[in-house]
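The numbers here are math on the coordinates, done by the rules we state, and not lab data. Here the structure is a predicted model, which is why all the values come from computation and not from measurement. Neighbour counts are summed over all protein chains in view; Cβ atoms, including those assigned to glycine, are modelled from backbone coordinates with ideal geometry.
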Amino acid sequence: MPDMTMAAGEGEPDPGVIRRCVCPGSYDPVTNGHLDVVHRAAELFDEVIVAILTNPAKPGTFTPAERIELLEACLDATPRVRIAEVSGALLVDFCRAVGAAAVVKGLRSGTDFAYELPMALMNRHLTGLETVFLPGDPRLEHVSSSLVKEVAALGGDVTGLVPDLVRDRLVQRRG
Ligand code: PNS
């Protein structure tokens, strides 16, 4: 039997230290897969900052203001979660500015891992920023912002894949 005894206070978190993480992404638009990862990150960290990274050279489908509005509405009831827009800056610099201990990202598949690993290694190379990968909910493995947009634009039903508000906004865009 291993010795599992600990001195009083040892191994306990310092109550004065807030463990903060960042969930970065394009969120164009937010999906139920994104929300699952944010909710689970909020169980692991004291505070989650959902960072919408926008690239001025790639305008995307929804404007940054629309993406923020949708995220705010979808995460309104989730405590300890904040939303921020980051434009023209490195993720590592934003994380340092807000005092984040780690980035949290969801992985749906090996393809996601192949895409995410170089970024995680680069971020660690730049400032030592760590990335925590959470396995995506297998029920949402096929859900991506781009696929949801394509399906909705051609009249497909994306109920259950994105929040109803996002689905309705995609239907509106179809006109
Ligand atoms: O949702 P996405 O598009 O897969 O998210 C990718 C994102 C925005 C998290 C990534 O491109 C990023 O971190 N961009 C910010 C600029 C930066 O730091 N680039 C170097 C990444 S190693």
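A few notes on this one:
- Shown is the FRET efficiency for D93 and Y115, computed with R0 = 22 Å from the Cβ-Cβ distance and rounded to the nearest 0.05: 0.55.
- Of the residues V48, V148, V22, the one that moves most in a GNM of the chain with alpha-carbon contacts below 10 Å is V148.
- Packing-based ranking of 25-32, 168-175 yields 25-32, 168-175, ordered from highest to lowest mean Cβ neighbour count within 10 Å.
- Histogrammed with a bin width of 10 Å, the alpha carbon distances of the stretch 66-120 distribute as 18, 38, 42, 2 percent, first bin at zero.
- Fewest-first sequence of L44, L161 by Cβ atoms within 10 Å of each Cβ: L44, L161
- Semi-axis lengths, Å, the stretch 20-140, gyration tensor of Cα atoms, sqrt of 5 times eigenvalues: 19, 17, 16
- Only beta bridges with both residues in the chain are counted; by DSSP, about 5 percent of them are antiparallel.
- Here D14 and E43 are evaluated by their C-beta separation; at R0 = 25 Å the FRET efficiency comes out at 0.85.
- Computed from the Cα positions only, the extents of the stretch 79-175 along the three principal axes stand at 45, 28, 27 Å, in decreasing order.
- Calculated [θ] (222 nm, deg cm²/dmol) that DSSP helices of n ≥ 4 give over the chain, each run adding -39,500 (n - 2.57): -12500 deg cm²/dmol
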